[in-house]
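Student: Handing you this structure, nothing more for now.
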Ligand SMILES: CC(C)(COP(=O)(O)OP(=O)(O)OC[C@H]1O[C@@H](n2cnc3c(N)ncnc32)[C@H](O)[C@@H]1OP(=O)(O)O)[C@@H](O)C(=O)NCCC(=O)NCCS
């Protein structure tokens, strides 16, 4: 059994979240999670496949994650950063419960890292949550994500240990 550390982080004020500003060559698009979602959205399978390339989860298959995300009750909004060839290079998502939002699915293609994609995609998810009425957001931060969440006003509220078990 392996264990890895992370943070539970909270942002108490979504009003100061900047507008997403993706690098040249990427466009922000909504992801079509279920058929009722926006017609011109990026297919969920493309976004999940890109997330899998960015952060190979090992134990969770693309098909299982697609099924899970489709099964969530109404509400989660997913976003993709798409390049000129239509390839997904970054993802993010948020889910809102009353005034609380949860941010997840933040991933950047390894070839596009350190250009502000992760920050912009997280900002897009937060602004969407704020539009849905959220005033506060939380997320589970991995090590590489921690600095960018700090820049967006998140503070750590708990240490987390993630376990994985095979067999
Ligand atoms: C975490 C992750 C999403 C960050 O994505 P990213 O697109 O590289 O994020 P950003 O570019 O916004 O920020 C990353 C770094 O690049 C720097 N950066 C941003 N724009 C830059 C630019 N134009 N030039 C140079 N550096 C830049 C940022 O300052 C930041 O530096 P720091 O970490 O030393 O503070 C990405 O590493 C990833 O997908 N990791 C695997 C999955 C994962 O852990 N997801 C997070 C789950 S909580």
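Student: Taking the stretch 101-126 as the search range and keeping residues that are within 8 Å of the chain's Cα centre (by Cα) and within 10 Å of residue 20 (Cβ to Cβ), which one is farthest from the ligand (Cβ to nearest atom)?
Tutor: Step one: of the stretch 101-126, the residues within 8 Å of the chain's Cα centre (by Cα) are 103-107, 121-122, 125.
Still in the running and within 10 Å of residue 20 (Cβ to Cβ): 121-122, 125.
On the way: 121: 7, 122: 8, 125: 11 Å.
It comes out as 125.
Student: Output the number of the condition that residue 19 fails; it satisfies all remaining conditions of (1) surrounded by fewer than 13 Cβ atoms within 10 Å (Cβ to Cβ); (2) touching a residue at least 40 places away in the same chain (Cβ under 8 Å); (3) assigned to a helix (DSSP H, G or I).
Tutor: (3)
Student: Which one of the conditions (1) more than 20 Å from residue 140 (Cβ to Cβ); (2) touching a helix residue (DSSP H, G or I) at 6+ places or on another chain (Cβ under 6 Å) does residue 65 fail to meet, given that it meets all the rest?
Tutor: (1)
Student: Suppose the filter is farther than 26 Å from residue 154 by Cβ, in contact with a helix residue (DSSP H, G or I) (Cβ under 7 Å, 6 or more places away or on another chain) and outside any strand (DSSP E or B); does residue 34 pass it?
Tutor: Numbers: farther than 26 Å from residue 154 by Cβ: yes; in contact with a helix residue (DSSP H, G or I) (Cβ under 7 Å, 6 or more places away or on another chain): yes; outside any strand (DSSP E or B): yes.
When the stated conditions are applied, residue 34 passes them.
Student: Looking at the stretch 44-74, which of the residues that are crowded, with 19+ Cβ neighbours inside 10 Å and within 14 Å of residue 108 (Cβ to Cβ) is farthest from the ligand (Cβ to nearest atom)?
Tutor: Only one residue fits best here, namely 47.
Student: Let me ask you something else. Restricting attention to the stretch 41-54, which residues are in contact with a strand residue (DSSP E or B) (Cβ under 8 Å, 6 or more places away or on another chain) and more than 16 Å from residue 125 (Cβ to Cβ)?
Tutor: 43, 46, 49
Student: On the given criteria, is residue 147 near the ligand (Cβ under 9 Å from one of its atoms) and either over 17 Å from residue 55 (Cβ atoms) or loosely packed, with under 15 Cβ neighbours inside 10 Å (or both)? Give the derivation first.
Tutor: Details: near the ligand (Cβ under 9 Å from one of its atoms): yes; either over 17 Å from residue 55 (Cβ atoms) or loosely packed, with under 15 Cβ neighbours inside 10 Å (or both): yes.
Taking the combined requirement at face value, the residue satisfies it.
Values quoted throughout were computed directly from the atomic coordinates according to the rules given, and no laboratory measurement underlies them. If you're wondering where the values come from, they're calculated on a predicted model, not measured in any experiment. A quick note on method: Cβ atoms are made from the backbone with ideal geometry, for glycine too, and the neighbour counts reach across all protein chains shown.
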